Structure formats: C-alpha cells, structure tokens
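The values are calculated or read from the model by the stated rules, or taken from the named source; none is laboratory data. In this text, all values refer to a predicted model and were calculated from it rather than measured experimentally. Cβ placement follows ideal geometry from the backbone for every residue including glycine, while neighbour counts extend to all protein chains displayed.
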Amino acid sequence: MALRDPLPRYVSWITRIIGYSVGAMVIAIAWYVAGNMRLVTHYTECLDKPSARNAVKLTAMENAKALVACVEARSGIVEMLAFRPMKRLFSALPSAPCNYTGTWRSRRVDSIYQVTLGADGQFLAEPVKTSDRDAIRVTGSWGVVGSGDSQKMVWLYDEGHVWPPDVNPITNPTPDSFVLVEQNGSRTEFIRADERQPPCDR
C-alpha cells in the first residue's frame with residue numbers, strides 16, 4: 001500500500017471510535033471536576049446557612065444528614081454525579097451494628113483512648129495515655145457501612161472536624177477486636193474493654 005493510498009474503511013472507523021471515546025472521556029472528566037467545584041460552594045453555603053435547627057441540640061449524624069439534604073437540594077445534574085457517593089454513604093446511615101457497640105481501648109503508636117460506641121449511634125472517646133498535652137474527650141456519631149470485607153466505620157464529630165466525615169476501612173474484625181485504617185494509612189487497633197456482648201446478627 002502506497003503512502004498516499006486511502007486507508008481501509010475499518011481503520012477509519014477504528015480511528016473515529018477511538019477519537020470519539022477519548023473526547024467523551026475528556027468531557028466526562030471536565031463535568032466531574034466542574035461538579036466537584038460546585039459542590040464545594042454548596043457545602044460552604046449549607047454549612048454557613050442560618051437554620052432553626054441551630055437552636056436545638058442535634059446529634060452530629062442529624063446535622064450531617066441535614067447538610068447532605070441541603071447540598072442535594074442545591075445540586076443540579078452535574079453536581080449530583082459527583083455527589084452520588086456521599087449520598088449513597090448517608091443513605092446507609094445511621095447503622096450501629098451490635099458487634100461493634102460497647103467500650104474499647106483504641107491504641108495508636110503514641111496514644112491510647114477509651115472509646116465507647118453506643119447502640120444509639122453516639123460515641124465518646126477519652127484519652128487514657130497520650131503525648132498530646134492538649135488531648136481532650138471527643139464526642140459525636142458513629143456508624144458502619146458496607147458488608148463482609150468491605151466494611152467501613154464512619155465518624156462524625158460534634159466539635160472541630162465537622163465535615164467531611166472520617167471514613168476508615170475495617171480490617172481483621174473479631175468479637176473482641178478490630179483495626180481501622182486511618183486516612184494517612186496508619187492503623188488503629190481496638191481491643192474490647194468491657195465484657196463480650198451477647199451474640200447478634202453480624
């Protein structure tokens with residue numbers, strides 16, 4: 001085949017398909033980025049929005065669900081594509097499986113906390129031993145999403161880091177222990193500190 005000979009038809013079609021696919025992918029990525037940028041604006045507006053709920057003490061979970069509803073109400077099609085994972089996460093909450101409720105000792109490299117996970121979805125974490133002189137008790141809401149080997153523990157705090165939620169994959173779960181993978185890749189070990197809970201559906 002000479003250099004100037006026309007390309008076979010199938011080659012031309014393959015080239016077009018590849019070109020259209022790449023173009024569609026670029027457009028999809030641009031839409032996703034634009035959606036995320038608009039979501040940041042919606043989050044900021046909803047977090048700053050005065051509300052009657054501020055006069056009533058709500059749990060961190062209730063506040064988070066109200067925030068998600070506010071963002072959803074402000075979002076169009078483009079934003080909803082980027083917002084879908086967060087909406088799916090909160091549609092599964094609250095969820096406080098009984099095999100995780102109770103009192104635990106959480107251990108990291110430089111600290112030990114006593115963490116009580118309540119059946120009502122609330123938690124209390126109190127420092128037992130830590131190198132941080134400013135360590136204080138922490139309260140908020142907790143929940144577990146997913147199943148089997150893909151379970152994740154979700155933390156929502158009453159003060160400080162209010163949003164986004166802290167989501168940690170759960171590994172090596174047993175009736176008396178489990179490990180959380182932190183955002184930075186470190187691991188926090190939880191050992192049951194109270195009596196083993198009665199058997200429940202896992």
Within region 153-175, residues being charged (D, E, K, R) and surrounded by 15 or more Cβ atoms within 10 Å (Cβ to Cβ) number 2
Please give the number of the condition residue 155 fails out of (1) outside any loop (DSSP other than H, G, I, E, B); (2) of a type in the set (A, V, I, L, M, F, W, C); (3) not assigned by TED's automatic domain parsing to the domain that holds residue 185. (3)
Close pairs (8 angstrom Cβ cut-off, 6 or more residues apart or separate chains): without any contact (Cβ under 8 Å) to a residue 40 or more places away in the chain in region 157-169, of a type in the set (Phe, Trp, Tyr) anywhere: 166/155; 166/157; 168/155
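Just name the residue that is surrounded by the fewest Cβ atoms within 10 Å (Cβ to Cβ) out of those in region 31-64 that are of a type in the set (Gly, Ala, Ser) and modelled with pLDDT of 75 or more. Please lay out each step first, then the result.
Step one: of region 31-64, the residues of a type in the set (Gly, Ala, Ser) are 34-35, 51-52, 55, 60, 64.
Filter once more, so that each one left must be modelled with pLDDT of 75 or more: 60, 64.
Numbers: 60: 22, 64: 24.
Here the residue is 60.
Yes or no, residue by residue, for (1) out of contact with any Phe, Trp or Tyr (no Cβ under 8 Å at 6 or more places or on another chain); (2) farther than 17 Å from residue 144 by Cβ; (3) among the β-branched types (Val, Ile, Thr); (4) in the same structural domain as residue 63 (by TED's automatic domain parsing):
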{"site": "87", "(1), (2), (3), (4)": "yes, yes, no, yes"}
{"site": "109", "(1), (2), (3), (4)": "yes, yes, yes, no"}
{"site": "112", "(1), (2), (3), (4)": "yes, yes, yes, no"}
{"site": "121", "(1), (2), (3), (4)": "no, no, no, no"}
{"site": "128", "(1), (2), (3), (4)": "no, yes, yes, no"}
Looking only at region 135-181, which residues are more than 17 Å from the chain's Cα centre (by Cα), over 19 Å from residue 108 (Cβ atoms) and of a type in the set (Asp, Glu)? 159
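Name the strands (runs of 3 or more DSSP E) wholly within region 53-146 that hold at least 3 residues that are free of Cβ contacts under 8 Å to residues at least 60 places away in the same chain? It would help to see each step written out before you state the result.
Details: elements: 102-107, 111-117, 122-130, 138-145.
The strands (runs of 3 or more DSSP E) meeting that bar are 111-117, 122-130, 138-145.
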